[in-house]
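One structure is given here, and the rest of the page talks about it.
The values are calculated or read from the model by the stated rules, or taken from the named source; none is laboratory data. On a predicted model such as this, the values are computed, not experimentally measured, just so you know. Every residue, glycine among them, receives a Cβ derived from its backbone with ideal geometry; neighbour counts consider all protein chains shown.
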């Protein structure tokens, strides 16, 4: 039993956390940061009655729960009234009007709302001007025209040394829109340091981290805070970085927020990334049961069902989603996936387009739309879709890979190679990426590079141990890849290496049984040995082939040939 | 002043004439870079047109105002004014009919000329004059229709000449009897002009009162007035001769007639005024009455009659006012040579300027006429195209009499002086005599006041602190903070500093109070153009076209609108129309030239800018545009010459510094270019304009750094440019190139993709991307693998060889394997070499392979 002091402490920490989250949700909501507010309130409501034991994360955060002074006050009544008017305009999507009302206000809430409303007005206009999805005006061509003005205003306001977390957040967003990631990073980190409960800033910050290295670097700049752990989890998940430490992270957080659907979704996505589809499906089922009207992340669920080929369940999820809200991008994606599964690609494209009309930054829809265009052999449209997906999120390896495939179809191998490399950088342990790269090298007539890539494809997940391990410790090898490596070595006239890989291929026989690849290897080795006058081995291999009934014609001829040769040799010797 | 207008690189409209796409990759790049600069030129050009507009705009307001008020008194004129252009012929015929009563030899001529006019693009010209004539007799106007701008009369002069302000004598202005004589008879003073305006409004309410007052005061004043006239010795002698009892009776009669006459003039009933004046003259044979009658003739627009009448009196050589009026009548008839003969080639004072100062105040009146005559000389010289002489004449006019605002205004409005000259000139102006004439502290204060007023009119680029002081003084010590001239000066200053939003706000406030104050429109149009407010510009130009077809600014507004929506041919048509209406209207000329520039018709643009440069010698803009055109034509030497001229005129235009930097850049003086760009940025920051305006500086500075191989700095500059709103494919391309040169191929590819997402078919970006991708394909690709604890490892290809047991390969036949070994490691060493080359540019120089290098080489 823990001493009576400990539970008290925990309770105390919990109360503080509850209060902090409450305040944070309100602050975000007052600034019309609706998604952040929703997330914070969700976590607030998933707190337990009490916490099993004193929690590491909580201890760290309670000492840092201060911050955000001046975020709630107004300099005078006039500004407060104006703020309320502006907020009400904002709530009914009258952004320009809202911005005008609070123009020139200096109180935190009013000043932020003014700039944010301007930003939103610009975004709205940008969406309107973009017209059709994938039309000529869609994309970077149409910019948010308010950005330069906002940059200037924010710079002057922030130059006053005001560490207003929300202004810093907005500054970061504006800079990100201009693809100025270096400065955006600084702004966002300042923002979360000055007020860690600013979830909106965390959410943007995650888009900057492009590799686990980035995440590790960012972590050093960040405070040791509960929210930092949330960020770490999210960033790792988005980078497909799944391992023990990430699982520990989820578990730890789940202890504090046992009822959090968001955390559950993250867990499901982690399982999805390591291709543990059943587990992932199970978790999503749980979420749907627990929170039947929740649409967040349902598009990912539909992807999982698609991969698992569970058509009827996908149909069910699609029904649920469309009954809840037909005009949510998530819903459209689920339905699009469903039609795609039924090979009704035109319809599916329609739904993905609809999803994008609802939210042009909706990542899954761009990638999935690209896939559909590939199905329809519309390579150029596919490229454009994948590109847009990457614009939204550069960490989407599927889009990079899709781009590579599309360019390969167009026989633009340099392009394809580059995109495969980008995908490979995100998932170096994924053989598929390396095999694709190797194919490109082959087409570019660079066998040496192709060999290297195939080797990595062969190693797959073992790549991490490549630096340390001295020798293959004997797990399953892809015989096709082995053959390819061997043939390439043969091409560059390095027969020793070729033999090595052919032999490796043979070693797989006990596990896999006879197969075409093994037959190829045996055949090749037989010829090789025969040429080197190692006739005994050649005969043995050819005989094995013949006995197994593989490549019968060839092996029979060879056996006969070798026998003849042996016969000729014999008399002489 | 005008300078600012040009500044802003307009966001939307500039239809950049893309240079012919280069064929080879190096050329691509070169062109690309060039294009960047080129675009900038474009933008720049577009703007200045409107800038100039604002300069020339100011003068109009005075005349306009008067004519507007007068118009109300002559209803006959109104229908004509309001008629749209296509009804012009009809209008004309009405006008012909109307004045028949006033049989005049000119009728047929005028008729002919009018018909002629209507078929020429200069219809606006007549229209402009008609409404301006308060006496409603357009037919009388002998003004020949100037199809070619050259011999056109000075516009301002025209406008105001029709109204009173040019007319000097006391008698016409009796409304304010309490005015001291010295004030009342110099109409060219700014104060006087203000008075007139103020008079016009309250007139209806206490009109009779003022008349009564007027009459009584006339009695009291008449001796005084005569005294004043005494200053002309001959006239006074004549008057003094009579003296008897009957004289008194006669005097009463004269007084009565004079009042009657004055009353008629006040009511603009000139027929009665002529009738009475004629009788009065018969009674008195007084030279003053003769002069007055001539004035009335002049006022009705019967310039020949006034001239002939004055001829008959023989007063011309005796009296300065008569001489002035005589010359003015001649000018009105476009008889410039004769007018110049009347006036003499130069002022007698010129020969001995110091005498001027020493003369007693008794000569003050004389001086005023001398100044006015100097001004007339300036007008004549302008008409004759002798701009230098005109400038001197105007300057002399102001020097002789500070209050000759006409001359001062002409100098400022038409930018006849360079900014430096302006400030020098204001130092030369003799405010002291005025101080002396008023005397004491009051005199001092008045002088300060006037000086401040004048200062607000000066070039905004120089001495902005003095300008601020002047504004502060006028706002605090006098209730002029909201006066439109002051606010307009502020708006112009803001415009000069490229703070368009703020400037627009001020102008709009002014327009609320006084919608058809044409002084405001050039700045207004320029701001709207800069901010791309098409819709507002559309509404405004429609409104102007409906109500004020006679104003050249109307057509400039329409032209600006068409330019904004990229209909250059239409824009050119309207600018041309405006410039025909008023050849000295700067914005029209420059807008006209801009339309050519925007279409890439460099030769035509050059000739149009040259015409503008001839007309506006005091502003560096036309010279700068000429330089820019030559830059675009790749005539770097010529461009340099023109830009140096511009530089001589104005050293404080950041955008000119940009152009000069570009010339340095093209001449391979990269360090100088960098210095110039940096200075430009510094200056721009001091001025405090919208940083968006200075995107081009940052971009060009980036290019200069790039060519100096200072890639890091270059990228910083480009990033800055993007942050302040310059996100375009060219900048992204340049960043890509820099990264490529630095060996950061992957970053380069990112930037180039960005460029292509902005302009999907951009040839330069496509070309560079291909090179970058090829290069990237040559680079080893060894990504990081992450261990469960999050740490990353970067296994090399060798590690994988080891992993797969290649190191254990048993080399059965040494000879064969050694042979094969040569092939494989060859590849490896090749990779290593490439890697080295990628990071150290110096090594790459000699490398024949990467075509990227060709780009940078050929660029220079």
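Condition first: surrounded by fewer than 22 Cβ atoms within 10 Å (Cβ to Cβ) and under 22 Å from residue A:400 (Cβ atoms). Can you find one or more residues in segment A:306-322 that meet it? Yes: one or more hits. Within segment B:547-570, being surrounded by fewer than 18 Cβ atoms within 10 Å (Cβ to Cβ) and free of Cβ contacts under 8 Å to residues at least 40 places away in the same chain holds for B:567, B:569, B:570. For residue A:274, the conditions (1) within 14 Å of chain B (Cβ to nearest Cβ); (2) surrounded by 21 or more Cβ atoms within 10 Å (Cβ to Cβ) are fulfilled apart from (2). Residues in segment A:213-227 that are surrounded by 19 or more Cβ atoms within 10 Å (Cβ to Cβ) and either in contact with a strand residue (DSSP E or B) (Cβ under 8 Å, 6 or more places away or on another chain) or within 14 Å of chain B (Cβ to nearest Cβ) (or both): A:215, A:218.
Those residues that are within 14 Å of chain B (Cβ to nearest Cβ), surrounded by fewer than 17 Cβ atoms within 10 Å (Cβ to Cβ) and not in a loop (DSSP other than H, G, I, E, B), I need them from segment A:508-553; list them, please. Correct list: A:531, A:537.
Can you pull out every residue in segment B:271-282 that is closer than 27 Å to residue B:318 by Cβ and touching a helix residue (DSSP H, G or I) at 6+ places or on another chain (Cβ under 6 Å)? Listed by number, the residues that qualify are B:273, B:274, B:276, B:277, B:280, B:281. I want to confirm something. Restricting to segment A:436-475 and keeping residues that are closer than 20 Å to residue A:240 by Cβ and modelled with pLDDT of 90 or more, which single residue is farthest from the other protein chains (Cβ to nearest Cβ)? Here the residue is A:436. None of B:683, B:655, B:678 is more than 14 Å from chain A (Cβ to nearest Cβ), surrounded by 22 or more Cβ atoms within 10 Å (Cβ to Cβ) and in a helix (DSSP H, G or I) except B:655.
Does any residue of segment A:202-212 turn out to be within 13 Å of chain B (Cβ to nearest Cβ) and surrounded by fewer than 19 Cβ atoms within 10 Å (Cβ to Cβ)? Steps first, please.
In the first step, residues of segment A:202-212 are kept if they are within 13 Å of chain B (Cβ to nearest Cβ); the result is A:209-212.
Now restrict to residues that are surrounded by fewer than 19 Cβ atoms within 10 Å (Cβ to Cβ): A:210-211.
Yes, segment A:202-212 contains a residue that is within 13 Å of chain B (Cβ to nearest Cβ) and surrounded by fewer than 19 Cβ atoms within 10 Å (Cβ to Cβ).
Would you point out which residue out of B:673, B:729, B:721 is farther than 18 Å from residue A:155 by Cβ, within 14 Å of another protein chain (Cβ to nearest Cβ) and at pLDDT 85 or above? Going through B:673, B:729, B:721 in turn, just one is farther than 18 Å from residue A:155 by Cβ, within 14 Å of another protein chain (Cβ to nearest Cβ) and at pLDDT 85 or above: B:729. Just checking, which of A:399, A:416, A:355 is within 14 Å of another protein chain (Cβ to nearest Cβ), crowded, with 23+ Cβ neighbours inside 10 Å and within 22 Å of residue A:306 (Cα to Cα)? Only one candidate passes the filter, namely A:399. Filtering B:401, B:432 for residues that are modelled with pLDDT under 70 and either closer than 26 Å to residue B:492 by Cα or over 22 Å from the mean Cα position of the chain (by Cα) (or both) leaves a single hit, B:432.
So, in segment A:484-501, exactly how many residues are over 15 Å from residue A:445 (Cα atoms) and either within 10 Å of another protein chain (Cβ to nearest Cβ) or modelled with pLDDT under 85 (or both)? Residues flagged as over 15 Å from residue A:445 (Cα atoms) and either within 10 Å of another protein chain (Cβ to nearest Cβ) or modelled with pLDDT under 85 (or both) within segment A:484-501 amount to 8. Applying the condition of being touching a strand residue (DSSP E or B) at 6+ places or on another chain (Cβ under 6 Å) and closer than 22 Å to residue A:390 by Cα to segment B:748-803 and asking which residue is nearest to the other protein chains (Cβ to nearest Cβ) yields B:785.
With respect to the conditions (1) at pLDDT 80 or above; (2) part of a helix (DSSP H, G or I), residue B:472 falls short on a single one, namely (1).
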